[in-house]
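Below: the structure, in structure tokens.
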Amino acid sequence: MAKKNINTGETLLHALKDAGATALFGLPGDYILPFFDVAAACDVLPIYMLSHEPSVGYAADAAARYGGSIGVAVVTYGAGALNMMNAVACAWAEKSPLVVISGAPGKREFEGGLLLHHQLLHSKSQLNMFKEVTCAQAVLDNPKTAAQEIARVLAECKRCSRPVYIELPRDVVTLPCKPAKPLKVKPPSVRAARSIARLIARKLKHARHPAILAGVEVRRFGLEEKVSALAAKTGIPLATTLMGKGMFTHVDSPSLGTYMGAAGDDDIRKVVEGADALVILGAILSDTNFGTAGKTITTPDAIYINEDALVVGGRKRTPVDLGLLLDALMEILPPQTEKRPLLFSCMRTAAPVTPPVFSDAPLTADHVMDALRFLPKQAADMPVTADMGDCLFISAGIPDVPFLASVYYATMGFGVPAALGVQAATHARALVVTGDGGFQMTGWELLNCKLNGLDPVVLVLNNSGWGMLKRFSGNTDYISRGVFSYAALAETLGGTGYVATTGKELKLALETALQRRGKFQLVEAVLSQNEVSAALKKYVAVFRKNKLAAAKKRA
């Protein structure tokens with residue numbers, strides 16, 4: 001409980017903790033120093049300092065995604081906050097509840113007649129820019145209303161599962177302020193949810209081959225158990241989108257796996273695309289989720305529900321609360337009385353897979369995928385944070401693990417700071433799968449591991465360039481990134497490095513790295529410059545084919 005006599009900074013800190021935050025991620029600058037001073041003095045939330053603002057944003061975003069609560073990024077005005085804009089945009093696009101706290105000049109400073117360092121056109125410039133990538137904003141320039149504004153913004157962050165922006169003038173931080181009381185939010189309509197549930201039930205009643213496709217909002221709003229229970233009760237096949245990969249890993253679930261269209265598992269594709277009543281729950285209709293679909297699945301036969309939209313039978317309706325809708329469907333839909341007559345074999349019991357034999361042959365991307373699919377038992381519950389490029393598709397093949405990646409917004413540099421955010425906020429050691437291009441952006445944050453007591457395992461796929469872009473571009477001269485030794489760099493940054501040039505070496509390096517604790521472990525998988533996985537080749541080929549077909553259709 002917060003004290004009665006506190007200042008604005010303390011009010012904000014206690015409100016963040018009450019809303020579910022477990023850590024602050026930040027980078028100091030003069031306008032935010034008063035808040036950091038208060039945070040350090042009152043010790044409400046631990047502070048993890050990083051070296052670059054984009055990494056601060058990614059770490060806080062990942063803490064929110066994996067921890068199932070809010071993440072908090074704290075930076076200075078202008079040069080700090082605007083440098084983090086891309087990470088906030090990623091959280092906005094992928095519906096992650098991130099709280100951005102930006103220090104700011106005091107009101108009298110803005111009125112002093114001089115332009116201030118870090119300032120743009122005027123005092124509202126930064127606020128206006130963040131309105132594009134946040135669902136609520138507040139400038140805490142009045143201690144009398146600060147508590148109410150804090151409560152309002154945090155309530156919107158949790159309700160929408162999207163970023164919010166709080167601007168904190170430095171001359172207000174230590175002024176007296178009342179504690180923030182959680183805002184009373186009008187409960188969603190149970191009646192509306194039941195009405196839509198009855199409509200869906202009628203469509204499912206006449207369907208011979210229904211299916212459920214679960215997206216990222218199921219995770220964001222903590223609905224995995226409800227979706228899993230619904231699928232188990234009704235016998236309706238359940239799969240996740242690529243953005244939703246990693247869901248249902250901690251619940252008893254009948255999930256078939258991840259749907260990736262024609263680029264993924266063919267049995268899962270047939271169930272999803274062959275459904276005569278496809279219930280799409282909490283998914284983002286993006287090209288990365290559906291760009292490789294063998295057919296258009298958002299047809300009149302599809303039922304699409306997320307926080308922003310509701311479409312049943314091709315007709316748009318007023319959105320309802322997804323959790324209440326699942327409760328209503330659980331009540332209305334009858335239990336499975338006999339085995340549902342599937343057209344396909346997805347529900348079969350998979351035959352045991354024999355682990356591959358790793359040799360002294362030169363390492364390939366598919367060898368890396370095999371090594372990750374058969375990780376030792378130390379990695380059983382480790383969350384995986386993946387960067388963009390081939391590392392995304394290679395790590396997508398790891399079964400039954402919590403999975404964090406910027407699948408839709410597709411920003412590079414997410415993997416390493418995301419792992420730091422996950423461990424700092426939840427104490428769960430993470431496995432990073434990143435490419436050399438993504439590592440060059442934010443991999444340097446590993447130098448903060450010793451100071452912050454973090455020890456992730458980092459796998460760097462080093463093919464000396466941006467491998468995924470080579471699949472899209474015929475000109476590869478500008479895609480090369482040069483030859484560097486990332487394993488040698490690990491020692492300089494305070495970790496332990498390993499080099500793997502063969503499958504046998506990679507297997508041994510991963511096993512050793514996973515066993516060692518206390519400092520970060522970096523395994524450098526050395527690949528030839530043009531080497532990419534079969535999964536990436538297939539995805540790009542199908543994606544380009546579908547894009548070309550769509551362009552011809554429009555023409």
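Restricting to the stretch 375-409, name every residue that is at pLDDT below 90 and assigned to a loop (DSSP other than H, G, I, E, B).
Leu375, Pro376, Ala380, Asp381, Gly389, Ala396, Gly397, Ile398, Pro399, Asp400, Val401
Mind listing whichever residues of the stretch 275-290 are farther than 14 Å from Glu217 by Cα and under 19 Å from the mean Cα position of the chain (by Cα)?
Residues satisfying the conditions are Asp287, Thr288, Phe290.
Please go through the stretch 315-330 and pick out each residue that is over 15 Å from Arg202 (Cβ atoms) and either without any contact (Cβ under 8 Å) to a residue 40 or more places away in the chain or among the basic types (Lys, Arg) (or both).
Correct list: Lys316, Pro319.
Going by the conditions given, is Lys295 among the basic types (Lys, Arg) and at pLDDT 90 or above?
no
Tell me which residues, restricted to the stretch 413-436, are part of a loop (DSSP other than H, G, I, E, B) and in contact (Cβ under 8 Å) with a residue 40 or more places away in the chain.
Gly413, Phe414, Ala428, Arg429, Ala430
Can you pull out the residues in the stretch 37-87 that are within 23 Å of Val172 (Cα to Cα), of a type in the set (Val, Ile, Thr) and crowded, with 24+ Cβ neighbours inside 10 Å?
Residues satisfying the conditions are Val72, Val74, Val75, Thr76.
Let me spell it out: the conditions are (1) in contact with an Asp or Glu (Cβ under 6 Å, 6 or more places away or on another chain); (2) closer than 28 Å to Lys545 by Cβ, and Val251 meets all of them except one. Which number is the exception?
Of (1) in contact with an Asp or Glu (Cβ under 6 Å, 6 or more places away or on another chain); (2) closer than 28 Å to Lys545 by Cβ, only one is false for Val251: (2).
Does any residue of the stretch 297-314 turn out to be touching a helix residue (DSSP H, G or I) at 6+ places or on another chain (Cβ under 6 Å), farther than 30 Å from Val384 by Cβ and buried (at least 20 other Cβ atoms within 10 Å of the Cβ)?
Yes, the stretch 297-314 has at least one match.
Rundown of residues vs (1) touching a Leu at 6+ places or on another chain (Cβ under 7 Å); (2) among the acidic types (Asp, Glu); (3) farther than 23 Å from Phe439 by Cα; (4) at pLDDT 95 or above, yes/no style:
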residue	(1), (2), (3), (4)
Asn7	yes, no, yes, yes
Ala15	yes, no, yes, yes
Asp18	no, yes, yes, yes
Phe25	yes, no, no, yes
Tyr31	no, no, yes, no
Ala39	yes, no, yes, yes
Ala63	no, no, no, yes
Gly68	no, no, yes, no
Gly106	no, no, yes, no
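Any residue at all in the stretch 157-165 that's under 30 Å from Gly78 (Cβ atoms), within 24 Å of the chain's Cα centre (by Cα) and without any contact (Cβ under 8 Å) to a residue 24 or more places away in the chain?
Within the stretch 157-165, none of the residues are under 30 Å from Gly78 (Cβ atoms), within 24 Å of the chain's Cα centre (by Cα) and without any contact (Cβ under 8 Å) to a residue 24 or more places away in the chain.
How about the stretch 256-296: which of its residues are surrounded by fewer than 22 Cβ atoms within 10 Å (Cβ to Cβ) and among the hydroxyl-bearing types (Ser, Thr, Tyr)?
Across the stretch 256-296, the qualifying residues are Thr258, Ser286, Thr288, Thr296.
This table checks each residue for (1) modelled with pLDDT of 95 or more; (2) within 25 Å of Asp18 (Cβ to Cβ); (3) part of a helix (DSSP H, G or I); (4) among the aromatic types (Phe, Trp, Tyr).
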site	(1), (2), (3), (4)
Val100	yes, yes, no, no
Glu109	no, no, yes, no
Leu114	no, no, no, no
Leu121	no, no, no, no
Asn128	yes, no, yes, no
Ala138	yes, yes, no, no
Thr145	yes, yes, yes, no
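Restricting to the stretch 38-85, what's the tally of residues that are assigned to a helix (DSSP H, G or I) and not hydrophobic (A, V, I, L, M, F, W, C)?
Final tally of qualifying residues: 10.
Take the conditions hydrophobic (A, V, I, L, M, F, W, C), in a helix (DSSP H, G or I) and within 30 Å of Leu324 (Cβ to Cβ) and apply them to Val88. Does it pass?
Spelling it out, Val88 is indeed hydrophobic (A, V, I, L, M, F, W, C), in a helix (DSSP H, G or I) and within 30 Å of Leu324 (Cβ to Cβ).
Has the stretch 245-254 got any residue that is in contact with a helix residue (DSSP H, G or I) (Cβ under 9 Å, 6 or more places away or on another chain), surrounded by 22 or more Cβ atoms within 10 Å (Cβ to Cβ), more than 18 Å from Val401 (Cβ to Cβ) and not assigned by TED's automatic domain parsing to the domain that holds Gly397?
The answer is no, given that none of the residues of the stretch 245-254 is in contact with a helix residue (DSSP H, G or I) (Cβ under 9 Å, 6 or more places away or on another chain), surrounded by 22 or more Cβ atoms within 10 Å (Cβ to Cβ), more than 18 Å from Val401 (Cβ to Cβ) and not assigned by TED's automatic domain parsing to the domain that holds Gly397.
Of everything in the stretch 374-386, what is of a type in the set (S, T, N, Q) and surrounded by fewer than 20 Cβ atoms within 10 Å (Cβ to Cβ)? Give them in sequence order.
Gln378
Are there any strands (runs of 3 or more DSSP E) wholly within the stretch 437-549 with 3 or more residues that are under 25 Å from the mean Cα position of the chain (by Cα), at pLDDT below 85 and under 19 Å from Val384 (Cα atoms), and if so which?
Answer list for the stretch 437-549: none.
Please work out which residue is surrounded by the fewest Cβ atoms within 10 Å (Cβ to Cβ), limiting yourself to the stretch 356-373 and to residues that are acidic (Asp, Glu) and not in a loop (DSSP other than H, G, I, E, B).
Residue satisfying both the conditions and the ranking: Asp366.
Would you list the helices (runs of 4 or more DSSP H) that sit entirely within the stretch 186-275 and hold 1 or more residues that are acidic (Asp, Glu)?
216-220, 224-234, 266-273
If Ile166 satisfies every condition in (1) in contact with a Lys or Arg (Cβ under 9 Å, 6 or more places away or on another chain); (2) part of a strand (DSSP E or B) but one, which is the exception?
It is condition (1) that Ile166 fails.
Could you say which residue among Pro362, Pro383 is touching a residue at least 60 places away in the same chain (Cβ under 8 Å) and in contact with a Pro (Cβ under 7 Å, 6 or more places away or on another chain)?
Pro383
Please go through the stretch 189-237 and pick out each residue that is acidic (Asp, Glu) and touching a residue at least 40 places away in the same chain (Cβ under 8 Å).
Glu217 - this is the single residue of the stretch 189-237 that is acidic (Asp, Glu) and touching a residue at least 40 places away in the same chain (Cβ under 8 Å).
The values are calculated or read from the model by the stated rules, or taken from the named source; none is laboratory data. Computed from a predicted structure; not experimentally measured. No Cβ is skipped: glycine too gets one built from the backbone with ideal geometry, and neighbour counts run over all protein chains shown.
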